[in-house]
Amino acid sequence: MTKNLLQVKNLTVSTGSEAGKINIVDNISFDIRRGETFVLLGESGSGKSITALSIMRLLPSAIKIDAGEVILNDINLFQLPENKMRGVSGANIGMIFQEPQTSLNPINVNFITSTK
């Protein structure tokens with residue numbers, strides 16, 4: 001059995017207004033195992049980006065995580081202090097934002113080659 005690399009359990013994310021609370025992501029769960037390719041697919045506005053931003057703890061202040069857990073390599077990311085989370089981001093988990101033309105511009109990419 002292959003161990004889970006990332007587990008998202010019962011994630012619920014909302015925003016509030018004077019009209020009340022609006023769930024943006026409602027009770028989503030999934031597992032990603034080592035070596036597995038995972039695709040989160042949905043219509044525009046279905047919560048894909050908010051799910052990814054929640055996992056990385058990069059939500060704007062108006063959006064709140066109401067419930068759930070995100071476990072990366074047996075570490076619950078939602079329980080880590082901010083300084084520990086910064087050590088996880090980049091080293092163990094990363095995100096390519098929605099505009100890949102600007103994130104992955106081949107003119108600006110520095111290639112690293114091994115001489116060994």
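The values are calculated or read from the model by the stated rules, or taken from the named source; none is laboratory data. Small disclaimer: the values here were computed from a predicted structure and weren't measured. As a convention, Cβ positions derive from the backbone with ideal geometry for all residues, glycine included, and neighbour counts pool all protein chains shown.
Restricted to the stretch 53-63, and to residues that are surrounded by fewer than 15 Cβ atoms within 10 Å (Cβ to Cβ) and either closer than 11 Å to residue 25 by Cα or not hydrophobic (A, V, I, L, M, F, W, C) (or both), which residue is nearest to the chain's Cα centre (by Cα)?
My answer is 60.
Taking residue 11, is it within 24 Å of residue 80 (Cα to Cα) and part of a loop (DSSP other than H, G, I, E, B)? Even if it seems obvious, please write down each step before you answer.
Values: within 24 Å of residue 80 (Cα to Cα): yes; part of a loop (DSSP other than H, G, I, E, B): no.
No, not satisfied.
Is it the case, given these coordinates, that residue 102 is loosely packed, with under 10 Cβ neighbours inside 10 Å and either in contact with a Gly (Cβ under 8 Å, 6 or more places away or on another chain) or at pLDDT 85 or above (or both)? Full working, then the answer.
Values: loosely packed, with under 10 Cβ neighbours inside 10 Å: yes; either in contact with a Gly (Cβ under 8 Å, 6 or more places away or on another chain) or at pLDDT 85 or above (or both): no.
Here the answer is no, as residue 102 does not meet what is asked.
Looking at the stretch 28-39 only, could you name the residues that are under 17 Å from residue 52 (Cβ atoms) and either at pLDDT below 90 or not small (Gly, Ala, Ser) (or both)? Lay out the reasoning, then the answer.
Applying the first criterion (under 17 Å from residue 52 (Cβ atoms)) to the stretch 28-39 yields 28-32, 36-39.
28, 30, 31, 32, 36, 37, 38, 39, listed by residue number.
Given 69, 18, which one is modelled with pLDDT under 90 and acidic (Asp, Glu)?
On the way: 69 fails: modelled with pLDDT under 90.
Just a single option satisfies the conditions, and that option is 18.
Filter the stretch 64-78 down to the residues that are within 19 Å of residue 89 (Cβ to Cβ) and among the charged types (D, E, K, R), then identify the one that is surrounded by the most Cβ atoms within 10 Å (Cβ to Cβ).
Initial filter on the stretch 64-78 (within 19 Å of residue 89 (Cβ to Cβ)): 65, 68-78.
Adding the requirement that they be among the charged types (D, E, K, R) leaves 69, 74.
Numbers: 69: 15, 74: 8.
Out of the qualifying residues, it is 69.
From the residues in the stretch 12-52 that are under 11 Å from the mean Cα position of the chain (by Cα) and either touching a residue at least 40 places away in the same chain (Cβ under 8 Å) or closer than 21 Å to residue 74 by Cβ (or both), which one is surrounded by the most Cβ atoms within 10 Å (Cβ to Cβ)?
51
Report yes if some residue within the stretch 50-65 is at pLDDT 90 or above, outside any strand (DSSP E or B) and on the phi > 0 side of the Ramachandran plot; otherwise report no.
Yes, the stretch 50-65 contains at least one residue that is at pLDDT 90 or above, outside any strand (DSSP E or B) and on the phi > 0 side of the Ramachandran plot.
Please give the number of the condition residue 24 fails out of (1) closer than 18 Å to residue 6 by Cβ; (2) modelled with pLDDT of 90 or more.
Single failed check for residue 24: (1).
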